[in-house]
Every structure is written in C-alpha cells, then in structure tokens.
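Each remark here refers to the structure printed beneath this line.
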Amino acid sequence: MSEIRAVRWAQDSIELIDQTRLPDVETVVDCTTVDLLVDSICRLVVRGAPALGAVGGYGVALAMIQGGREGWDGARLGHEIDRIRDARPTAVNLAWGVDRVRPLVAEGVDAVLAEAHRIAEEDEAANRELSRLGADWILAHTSRRPLRVLTHCNTGSLATTAWGTALGIIRELHQRGEVELVYADETRPLLQGSRLTSWELTQDGIPHVIQVDGAAASTLLRGLADVAIIGADRIARNGDTANKIGSVGVALGCAAAGVPFVVAAPSSTVDLSTPSGDSIEIEMRDGAEVTTFHARSVAPVDAPGFNPAFDVTPARYISAIVTEQGVVEPGEGVLVDSLVPEGTSA
C-alpha cells in the first residue's frame, strides 16, 4: 500500500498536498503564514476531518512562529489562532486540534509542536485500528465474498494523517483478499471521489469504478453493492452523523436495499457536546461551485447555486459507527459515548 502524507510539518511551515490539483498535478503548498493556511483550508487544498485535526494543531505553532517574527501581542495571536479554528465550521476536528494544543501556548512552540505531532501519530494509529474493527464487523454482517463496496467522497490518506477511515477499512478488506470491486461516487460538486478516491485506489491497485452520485441508489437497489462505507466530519451524541453532501442519499438507498451502511471515523470526530444532528452547523459554500465547471458556466448566467457542503444522516439509517474505540450499532435512544476514550467530557 502506498504511503501518502497529506499534512507534514517542515521546520517553520506546514506542507500540504494540494488536493485541488489532483489527479492532474501532484504538488505541495508550503504554508508559511496564517493567511496561507486559512486560505488553504477554505479552498480545500487540505480537507478531511482527521487531516484538519492535525492542521489545527500545527496551525497554532505556525501562528506562534509568525507572531514571534512579526511582533504580535497576545490579543493578535489569539485572533489569528481563532481564524484557523473557525475556518470550516462543520468539521469538528479542526477546532478540536486547535483546542487540544492551545493550553500549551504559554509553554512555547516546542511544547505545542510536540502535542501536534502526537495528534498526527494518534490519528494514524486510530485509523489502522478502526479499519481492523470495521472490517471485522462488515465480514460478520455480510455473506457474499468477495465484497462489492460503495463509498462516497474521499476518506483515505488524503483526508487523514495516514491510512484512512472508510477507505482505510476498504484497504484492510483488500489486504485480506475480500474486495471484488469498489463503487466510488464522484462526489459533486468538487469531485473528491473521482479525483481523489480513485487516485488513491489506483495507487493501491484496488479494482474500482467511478459512478455519478445519482447512480448510488440504483446500484444499491439492483443488488450490485454489499455494503456502503463512508466517513464523518462530526458525529453527534445520539449517533447522527454529518458527512459530505450526498451521504444521506446513500444511507436511504442502503435502507431500502437492506444493505449495511457503515460510518467510520476516529474518536476525535465524536462530539459529545452536540446532542443530535439538528445542532450541527452545515457549511454553505459558494454557489459558483455548482453552476460552473473548470471556470466555465454550466447554468444560465443569473441562476443561483445552492451549495451545502455537508448533510446529516439520522442514526436510524446507520448500521454501524466505527472508531478506534469500538463499534456501535446506533438507533433511537442509543448514545455513542463508548466510541470515545474514557474521561472524555460532553
């Protein structure tokens, strides 16, 4: 399996694989300032909840270094750290990463960096463990071999610090010889599935096809897929999950077809302070992402675009939620507290 590192700390900067240019161009954006980092987060140079957690931790160190270089006072430093924390509101990991290292600011850059490195290391370990647990659960709850898997958006190494969540489970199943074919949704409007997931599957030699998002329900109802596996940007305490727009449609298709719908994410994505999906803020992006393609209009000039970046899947449509802490089969009244380490507060 290939080793892809979407996020790296490089002395006094953060190196990010530019995911807006994949698969055509493989290049790195070197973020040396908070402005460059926030722009990269907002433009989706870096994306994926676990990857953003690491970016949050490293971003605090970056702000401290820039502040020392430019003579910022404490108020300015706090403001710049907040800009990083709030750059994308739906993905809880970004704020989580900032908040985890922020108490160490008074101890200096080295202390913050050491904790940020721990975030990255823990995420990779969590991805590999949840992949093992998720693969075990899926094999215990499906009968056809090898499996045909449907996935949505990108949840591999590009979305994490290494290995992947939902795509990590697919990689684990592939290593066990249990994958026949992956149906990768293209994931409109920014095509994370066709541009990024297919790129990763190709590098790993995993058989797959790319389908338009609108084909997912048909694929499931025709009996062409045995399980759907997606990631999450936030998991509420009641088991509702937020993920890339189009995810709830896959869940509904699975429910109608009687196919397991599995959500995979590290425990840092579980937000016990969010009681349900009703409390999750849905990021709205520029409507031009919908009405244009490669800078060319694909709609009447004055037609507005409606562009929510995420949707919420109610717990009742989710067969299993997997973190490195274990597996929960959610439903009405089932909380996901066991999916986070002991001592995690609401």
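Nothing in this text is a laboratory measurement; each read-out follows from the coordinates by a stated rule. Note that the coordinates shown come from a computational prediction; the quantities given were computed from them, not determined experimentally. Using ideal geometry, Cβ is built from the backbone for each residue, glycine included, and neighbour counts are taken over all protein chains shown.
Can you list residues whose amide H is under 5 Å from GLY246's amide H, if they're 5+ apart or on another chain and H is modeled 1.01 Å from N?
Counting only residues 5 or more places away or on other chains, the set is ASP311.
For a quick protection proxy, order the peptides 100-107, 51-58 by their average other-Cβ count within 10 Å, most packed first.
The peptides rank, most packed first, as 51-58, 100-107.
Which residue, VAL109, VAL98, VAL60, tops the fluctuation ranking in a GNM of the chain built on C-alpha contacts under 10 Å?
Greatest mean-square fluctuation among the candidates belongs to VAL109.
Given a Förster radius of 35 Å and the C-beta distance between ALA217 and ASP30 as r, what FRET efficiency does 1/(1 + (r/R0)^6) yield to the nearest 0.05?
0.25
Would you mind telling me the antiparallel percentage of the DSSP bridges in the range 140-298, rounded to 5?
Antiparallel bridges: around 20 percent, rounded to the nearest 5.
Could you order the peptides 326-335, 115-124, 309-318 from most to least packed, using the average number of other C-beta atoms within 10 Å per residue?
309-318, 115-124, 326-335
Report the full-extension gain for the segment ALA255 to LEU224: residue separation times 0.36 nm, less the Cα-Cα distance, to one decimal in nm.
9.7 nm
Under the definition of Cα pairs under 8 Å and six or more residues apart, what whole-number percent is the relative contact order of the chain?
Computed value for the chain: 16 percent relative contact order.
If you find the alpha carbon centre of the range 26-80 and of the range 298-345, how far apart are they in angstrom?
So the separation of the two Cα centres works out to 26 Å.
Sorted by mean Cβ packing within 10 Å, highest first, what order do the peptides 222-235, 71-84, 194-207, 13-26 take?
Going from most to least packed, we get 222-235, 194-207, 13-26, 71-84.
Please turn the phi angles of the range 318-331 into ³J(HN,Hα) values with the Karplus equation 6.51 cos²θ - 1.76 cosθ + 1.60 (θ = phi - 60°), one per residue in order, whole Hz, x for glycine and proline.
Values, residue by residue: 9, 6, 7, 10, 10, 10, 5, 8, x, 10, 10, 9, x, x Hz.
Once both axes come from the Cα atoms, what is the angle between helix 49-70 and the longest principal axis of the chain, in degrees from 0 to 90, rounded to 10?
The two axes meet at around 10 degrees.
Can you give the angle from 0 to 90° between the axis of helix 166-175 and the longest principal axis of the chain, with both taken from C-alpha atoms, to the nearest 10?
60 degrees
Could you work out the helix-only [θ] at 222 nm for the chain, with each DSSP H run of four or more residues adding -39,500 (n - 2.57) and the total divided by the number of residues, to the nearest 500 deg cm²/dmol?
About -11000 deg cm²/dmol.
So what J values fall out for the range 75-86 if you push phi through Karplus, 6.51 cos²θ - 1.76 cosθ + 1.60 with θ = phi - 60°, rounded to Hz, Gly and Pro as x?
5, 5, 4, x, 5, 5, 5, 5, 4, 5, 4, 9
Using only Cα atoms, find the angle between the long axis of helix 247-257 and the longest principal axis of the chain, and express it within 0 to 90 degrees, rounded to the nearest 10.
20 degrees
If you take every DSSP beta bridge fully contained in the chain, what fraction is antiparallel? Give it as a percent rounded to 5.
Close to 50 percent.
HIS79 versus ALA111, label points 7 Å from Cα toward the beta carbon: distance in nm?
Computed distance between label sites HIS79 and ALA111 equals 2.5 nm.
I want the local charge near LEU335. Using Cβ-Cβ distances under 13 Å, sum +1 for each Lys or Arg and -1 for each Asp or Glu among the other residues.
-4
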